[in-house]
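First comes the structure, then the notes that go with it.
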Amino acid sequence: MANHGRTDGVEVKGSALSYMREKKGTLGRLAGYLLHYKGRLALALFMTVVSNSLALVGPLLSGYAVDAIGPGKGQVDFGKVFFYAGWMAAFYVLSALMSYGLTVLMVTVSRKVVQKMREDVFGRLLSLPVGYFDRHQTGDVLSRITYDIDVVNESLSSDLIQMLTTVITVGGALAMMIVISPYLVLVFCFTVPLSAAITRFITGKTRPLYRARSASLGRLNGFVEETVSGQKTIKAYCGEETAAWEFTKKDREAVEAYYKAEYYGSTVGPMVNFINNLSLSLISVFGAFLYLAGKMRVGQISSFVLYSRKFSGPINEMANIVSDLQSAVAAAERVFMLLDELPEGEGEEAGHPKSMRKIQGKVELSHVNFGYGPGKAVLEDFSLEVFPGETVAIVGSTGAGKTTFINLLMRFYDPWSGAILVDGKDIREIPRTRLRGAYAMVLQDTWLFSGTIYENLAYGREEVGREEVMAAAKAARIHTFITQLPDGYDTVLKEDGANISKGQKQLLTIARAMLQDCRMVILDEATSNVDTRTEVQIQQAMGCLTEGKTCFIIAHRLSTVRNADRILVVDQGRVAEQGNHQELMEKKGIYYQLYEAQRI
């Protein structure tokens with residue numbers, strides 16, 4: 001069964017990512033999100049065409065108004081001038097109203113696209129294996145779901161409108177200029193390719209700079225998140241200066257990356273604008289020659305100049321938003337990289353029968369080998385058989401593999417080789433949700449969310465009654481404390497239970513575990529944050545509530561595991577000793593040395 005479970009390996013993941021990137025480009029995937037709103041996009045396209053078409057009529061009417069002015073003094077047909085000017089004003093007002101409606105529509109679409117994207121990202125985060133979060137900083141993950149998606153939102157709501165406007169305006173203006181004077185249009189045969197070449201050259205240089213900017217901001221956010229969450233430790237060790245120096249370093253890197261991307265990206269606009277002004281100068285010169293030759297009227301030259309501005313203006317604006325587009329694409333790439341991560345056990349639920357007999361609690365590990373990195377095994381040839389209702393304690397020095405053992409039981413990771421069986425069935429043949437639902441788990445690192453005490457205790461069993469919650473709290477010796485609070489069980493806890501002590505948080509998590517109707521229990525240093533007296537009370541309560549259940553206890557404090565049915569001593573990834581407390585003490589081996597060391 002070697003390597004049967006290494007579904008989250010680097011090679012598999014890398015090949016999957018490459019396949020996804022080859023299958024769909026970033027812009028194509030963004031378009032896929034937009035196509036969820038085909039009707040609104042069609043309306044936006046219609047409004048864009050109408051708005052810009054109305055605006056394109058203006059220069060033509062302006063030329064007619066100019067031609068109404070005769071060559072001599074007082075030879076002005078004011079009737080025609082006011083007629084054409086009035087229609088110009090009407091067309092421009094209608095165009096402005098349509099443009100406003102278009103902006104509102106696109107902001108709505110972009111908001112919905114970003115909402116859907118955030119939901120997809122958060123849903124993928126919930127489906128990712130634990131190993132992903134072990135490899136990535138929390139701040140970097142948060143940066144993708146906040147900053148990077150916000151960048152995409154800004155681009156969709158503004159840049160997309162400008163792109164549509166550019167296509168229609170440039171095409172319409174070019175058609176009108178060809179109708180007015182095909183000769184003058186030849187000027188753009190020189191200036192447009194020159195603008196395109198410059199834009200392409202600069203964007204090629206700046207694209208990697210925008211990727212580096214997003215990555216550096218992600219690293220900065222990751223460091224800030226770590227620093228904020230570790231404030232007590234930093235202050236206890238007087239590490240403020242070191243933290244400030246490290247932040248300054250990362251902040252400088254982020255600022256430098258931001259500056260380079262914006263500096264080189266901002267050079268496109270001025271250069272293209274210079275070329276557009278050059279084209280206007282050439283049009284003025286050659287237009288004068290055509291007028292002297294009798295090939296054009298003054299009104300036509302005036303209209304052509306206005307159309308040339310409409311032709312070159314959007315091109316200039318397009319050059320200016322190229323940097324924003326590149327920034328959005330770089331941000332979208334980071335978002336899609338997260339979405340392309342392989343989810344944990346995708347599709348496995350459909351491959352398993354819905355009706356399975358209730359798990360009894362027999363657990364067996366057979367010649368299990370596992371490590372977090374290639375070639376670095378944490379558990380080697382690990383074998384164990386635990387019977388239903390048996391309490392097994394796992395002890396050993398730091399880094400021996402105790403927590404890794406629990407990670408494999410819960411299938412947060414799959415073993416390299418060997419098998420883990422529950423009730424005689426390989427856990428890879430049991431849906432993860434069903435497997436994990438068979439365990440009640442209490443960790444050393446407590447987790448409470450912003451909400452009432454009742455909501456925290458009932459987490460995972462929302463249908464549970466208040467009487468059951470109170471019974472579990474009483475068994476965990478936390479009921480009295482809760483009733484002394486102003487709102488009792490309806491007291492709202494701050495984030496991570498910041499308004500109660502660490503020991504009280506631990507008791508709440510123990511009570512929450514007691515509410516789970518599970519056949520197996522995992523206690524990972526579950527009493528490490530309570531005093532000795534409370535620990536004895538909890539041990540007594542847990543002994544009653546876990547009766548008949550398979551229990552796994554990880555402990556450094558060996559006095560808490562003396563009554564375990566069996567004690568496993570793990571050393572360098574292997575089971576070095578096993579037996580009950582008395583048997584291991586009589587052997588005077590590793591367990592005896594650890595126990596005696598704690599008594600000193």
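Laid out as a table, the results:
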{"item": "Matching residues in the stretch 548-584 - criterion: being more than 40 Å from the chain's Cα centre (by Cα) and among the basic types (Lys, Arg)", "result": "Arg562, Arg566"}
{"item": "Lone qualifier among Pro71, Pro59 - being part of a loop (DSSP other than H, G, I, E, B), over 30 Å from Tyr372 (Cβ atoms) and at pLDDT below 85", "result": "Pro71"}
{"item": "Scope the stretch 469-490; condition under 36 Å from the mean Cα position of the chain (by Cα) and either at pLDDT below 80 or surrounded by 17 or more Cβ atoms within 10 Å (Cβ to Cβ) (or both); matching residues", "result": "Val469, Tyr489"}
{"item": "Residue that is assigned to a helix (DSSP H, G or I) and farther than 22 Å from Asn221 by Cβ, where the choices are Gly101, Gly123", "result": "Gly101"}
{"item": "Criterion (of a type in the set (Gly, Ala, Ser), within 21 Å of the chain's Cα centre (by Cα) and either part of a helix (DSSP H, G or I) or at pLDDT 75 or above (or both)) met by exactly one of Ser214, Ser195", "result": "Ser214"}
{"item": "Long-range neighbours under 8 Å by Cβ, at least six apart or interchain, first residue farther than 26 Å from Tyr33 by Cα within the stretch 121-143, second assigned to a loop (DSSP other than H, G, I, E, B) and at pLDDT 85 or above", "result": "Val130/Phe412; Val130/Tyr413; Gly131/Phe412; Gly131/Tyr413"}
{"item": "Residues of the stretch 438-460 classified as closer than 24 Å to Lys362 by Cα and either assigned by TED's automatic domain parsing to the domain that holds Val130 or surrounded by 15 or more Cβ atoms within 10 Å (Cβ to Cβ) (or both), total", "result": "6"}
{"item": "Residue within the stretch 235-255 that is in contact (Cβ under 8 Å) with a residue 40 or more places away in the chain, in a helix (DSSP H, G or I) and in contact with a helix residue (DSSP H, G or I) (Cβ under 6 Å, 6 or more places away or on another chain) present", "result": "yes"}
{"item": "Residue match in the stretch 543-551 (condition: of a type in the set (S, T, N, Q), modelled with pLDDT of 80 or more, closer than 24 Å to Glu468 by Cβ and not in a helix (DSSP H, G or I))", "result": "yes"}
{"item": "Condition met for Gly269 (in the same structural domain as Leu306 (by TED's automatic domain parsing) and more than 28 Å from Gly222 (Cα to Cα))", "result": "yes"}
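The values are calculated or read from the model by the stated rules, or taken from the named source; none is laboratory data. The structure displayed is predicted, hence computed values, not measured ones. Positions of Cβ are generated from backbone atoms using ideal geometry, with glycine treated the same way; all protein chains shown enter the neighbour counts.
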